[in-house]
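Here's the structure we're looking at; comments come further down.
Quick note: the coordinates plus some simple rules give every number you see, no bench work behind them. This is a predicted model, so every value here is computed, not measured. Cβ sites come from the backbone with ideal geometry, for glycine too, and all protein chains shown count toward neighbours.
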There are 2 protein chains.
Amino acid sequence: MAQQTFSIGELAKATATKAETIRYYERIGLLPKPGRTAGNYRSFSTGHLGRLSFVRRARDLGFSIEQVRDLLGLSDQGDRPCEAVDAIARQHLTEVNRKIRDLQALRRELDSLIGQCGQGTVAECRIIEALSPGHE
Amino acid sequence: MAQQTFSIGELAKATATKAETIRYYERIGLLPKPGRTAGNYRSFSTGHLGRLSFVRRARDLGFSIEQVRDLLGLSDQGDRPCEAVDAIARQHLTEVNRKIRDLQALRRELDSLIGQCGQGTVAECRIIEALSPGHE
DNA sequence: ATCATCCCTATAGTAGCTACAGGGTTCGGG
DNA sequence: CCCGAACCCTGTAGCTACTATAGGGATGAT
């Protein structure tokens, strides 16, 4: 069976990733260096396609580049226990929960700020006032 | 009455801001350039203190630098209607709400991912599997 | 042959700081 | 009067995760 290869543009389309981003992932070592054609174009394999899909999915779930790097390293060593993978995911979940709480607190403050705007002039604007020094 | 002045360190302490950040705000024009002492040290006034407090409070509420810049410009012109201020705050609130929704969706996905980890080896890890291509 | 469309490298820009390096200033003690 | 500590100065590079040029070469269709 024929080895299927992709140009960077084809890989980009297949993974909904910009070509620049693919080159960036290669540069920082998230993606192995692909082969080259006679005209020096990158030539990606189905292996690259799989790996890039993995990276994109993990990034979409909000894992950092370093976390993705760790997950990739672990997934390459199938005979080791799964705990480390679980730990990375749990750590990420903790961060997500913290961000949600922070943003919800923020929303409450913004809500009360906006509720106070009486549509007068800036001089008597409660929003500006609340931001100005001398409060709390 | 004596004009009170502050060194950058004093201003930093008074506003819980690092000195580097204060210099940065000056450089990008969020803070007016302060006077200088004979030894070329910055000399801030109570006006600077007020303005920096405003900036910090707005930043803590998640307003971007550009939004803070707009708010500052508006607060300097007390005789204009308050609508523009309200609009900036509402726009920010919309963004915050969107972020909260996105993160909550993320959390649901992470939750189901983590729930599936059966503590086996990486080869049979559901998390890795869910990230790998061939799903959906 | 020519043009559009792809691709290449290298570099700089984004947000919002933070962290140096390599100096000068000020102030208190000895 | 000098020394060291603690402060301050400028300028530049680093951080995340890309994105966007500039200035070229390669490929494919007409």
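For residue A:99, which lysines qualify as cross-link partners when the Cα separation must be under 30 Å and same-chain residues fewer than eight apart are set aside?
List returned: A:18, B:13, B:18, B:99.
Just to check I understand the Karplus step: with θ = phi - 60° and J = 6.51 cos²θ - 1.76 cosθ + 1.60, what whole-Hz values come out for segment A:57-62, glycine and proline as x?
Residue by residue, segment A:57-62 yields 5, 5, 5, 4, 7, x Hz.
Please list, in order along segment A:66-75, the HN-Hα scalar couplings obtained from phi with the Karplus expression 6.51 cos²θ - 1.76 cosθ + 1.60 (θ = phi - 60°), rounded to whole Hz, x for Gly and Pro.
Per residue, the Karplus-derived 3J(HN,Hα) values read 5, 5, 4, 4, 5, 4, 4, x, 5, 5 Hz.
If we count other beta carbons within 10 Å of each Cβ, what is the order of B:107, B:90, fewest first? It would help to have the intermediate numbers written out before the result.
Details: B:107 17, B:90 14.
The fewest-first ordering by Cβ neighbours comes to B:90, B:107.
Order by neighbour count: B:49, B:103, fewest other Cβ atoms within 10 Å first, most last.
On the way: B:49 18, B:103 21.
Ranking B:49, B:103 by Cβ neighbours within 10 Å, fewest first, gives B:49, B:103.
Label segment A:1-67 by shape, choosing from rounded, prolate and oblate, from the square roots a ≥ b ≥ c of the eigenvalues of the Cα gyration tensor; if a/c is under 1.5 it is rounded, and otherwise prolate applies when a/b is larger than b/c, oblate when it is not.
Numbers: a/c = 2.01, a/b = 1.65, b/c = 1.22.
Verdict is prolate for segment A:1-67.
Which trypsin sites (Lys or Arg not before Pro) does segment B:1-32 hold that lie in a coil by DSSP with at most 13 other beta carbons within 10 Å? Let's see the in-between values first.
Numbers: sites: B:13, B:18, B:23, B:27; in loops: B:18.
Taking segment B:1-32 and a limit of 13 other Cβ atoms within 10 Å, the loop trypsin sites (Lys or Arg not before Pro) found are B:18.
Does segment B:21-121 come out rounded, prolate or oblate by the C-alpha gyration tensor, with a ≥ b ≥ c the root eigenvalues, rounded set by a/c under 1.5 and, if not, prolate when a/b is larger than b/c and oblate if not?
Values: a/c = 5.25, a/b = 1.89, b/c = 2.78.
The shape class here is oblate.
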